[in-house]
Protein chains: 2
Amino acid sequence: MSTLINRDVPPCELCEVDGGELIVKTDKLRVVLVDDANYPGFCRVIWNAHAKEMTDLSIEDRSAIMQAVCKTEQAIRDVMAPQKINLASLGNMVPHLHWHVIPRYTDDLHFPDPIWASEKKTAVDAAALNARRALLPALRTALVSRFY
Amino acid sequence: MSTLINRDVPPCELCEVDGGELIVKTDKLRVVLVDDANYPGFCRVIWNAHAKEMTDLSIEDRSAIMQAVCKTEQAIRDVMAPQKINLASLGNMVPHLHWHVIPRYTDDLHFPDPIWASEKKTAVDAAALNARRALLPALRTALVSRFY
C-alpha cells in the first residue's frame, strides 16, 4: 500500500512541531518562547494552520494574529523593559506564517542592527544577560495571563 | 530670542521628512517607496505621529496601520508577484513606528536570509532586476487605488 504523503510538497517544520517552548495555544495560533542564548524573551507567534502570507488570511484572522503579537509585545515590555521591540514576519526559509517578537537592548549582540545582521560585538555583558534570563518565569506568567 | 527647539530630545528623521517617495498619505499614516537599487518595490508604511512601538498606539490605530501594511503587501503581490513578502517593524535606529514591506525573490541578494544579513551573492541578475524596476509605475497605481 502506498502512503498518503504527498512527495511533491516539502514537509513544513511548523506544521510538524511547536517551534519552541509552548506557552500559549489557542484554536488559531500559538506563542512559543525561543531558546536563544543571546536573546532571552525572544518569542514567536505562530499561526496553527499552514498559511504563507498575512494577506492569505481573512481580515478577522489577520486581526487575531496581530492582537496576539501585540499581547506578546506588551507582556515582554511589562516584564523585561527592553529599549526596543522588533517585530518581523519573514518566512523565507519556513514559509508558514510566524511573527518574531524580540526584546532589544542597547548592549545586545547586534544593536542597533537587526539580529540577523553581523554581530556588532564579540561578547555581551554576562551579568545583564543573566538578569534577563532570570525574568523568564515572570514572562511565562505574564504571557499566560494576557491570553487566558 | 531663543528658539523653541528642545535640545534635550534628538531630532527624529521621520518627524521631519517623508522618508521615501510619497505614494499615499492619510491623516494617520503614509506609504513611501524606498529607493533601494537591489529591492525595487520595497515600501514603508510610516505612522505620521511620533510613536515608538505598536503597543503605544490605541487598538484602533494598531488596526489602521496593519490594514495599511496589508494593503501595501497585497498591491506588491498583485503587481510584482514576489516569492515571499517580508514584514518588519524594527526602529532601533529611528524609533518612530514604521513598517518595512519588502518583496523577496529567490534570486535576490540575500535570499533566503533577511535583507539585513550579509549578502549571499556578489551580483544579482541585472535583467531580472530591470524587469522588476519596470513594474514600479504599475505598483504606484496599485497602491493609490487600494487607498483612495
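Miscellaneous remarks
- Residue within segment B:38-55 that is closer than 29 Å to A:Pro95 by Cβ, away from chain A (no Cβ under 12 Å) and among the small types (Gly, Ala, Ser) present: yes
- When each of B:Gln74, B:Gln83 is tested for being at the interface with another protein chain (Cβ under 10 Å from one of its Cβ atoms), within 16 Å of the chain's Cα centre (by Cα) and over 20 Å from A:Val45 (Cβ atoms), the lone residue that passes is B:Gln74.
Per-residue answers, yes or no, for (1) in a loop (DSSP other than H, G, I, E, B); (2) surrounded by fewer than 20 Cβ atoms within 10 Å (Cβ to Cβ); (3) more than 7 Å from every other protein chain (Cβ to nearest Cβ):
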position: A:Ile65; (1), (2), (3): no, no, yes
position: A:Asp78; (1), (2), (3): no, yes, yes
position: A:Asn92; (1), (2), (3): yes, yes, no
position: A:Ile102; (1), (2), (3): no, no, yes
position: A:His110; (1), (2), (3): yes, no, yes
position: A:Glu119; (1), (2), (3): yes, yes, yes
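- The residue list B:Leu57, B:Leu87 contains one member that is under 23 Å from A:Leu57 (Cβ atoms) and open to solvent by less than 10 Å² (accessible area, probe 1.4 Å), which is B:Leu87.
- Scanning segment B:121-136 for residues that are modelled with pLDDT under 95, open to solvent by 50 Å² or more (accessible area, probe 1.4 Å) and in a loop (DSSP other than H, G, I, E, B) yields B:Lys121, B:Thr122, B:Ala123, B:Asp125.
The values are calculated or read from the model by the stated rules, or taken from the named source; none is laboratory data. Owing to the predicted nature of the structure, the values given are computational and were not obtained by experimental measurement. All Cβ positions, even for glycine, are placed from backbone atoms using ideal geometry, and neighbour counts span all protein chains on display. Areas reflect the complete protein model, heavy atoms only, side chains present, ligands, DNA and RNA absent. Shrake-Rupley method; radii C 1.70, N 1.55, O 1.52, S 1.80 Å.
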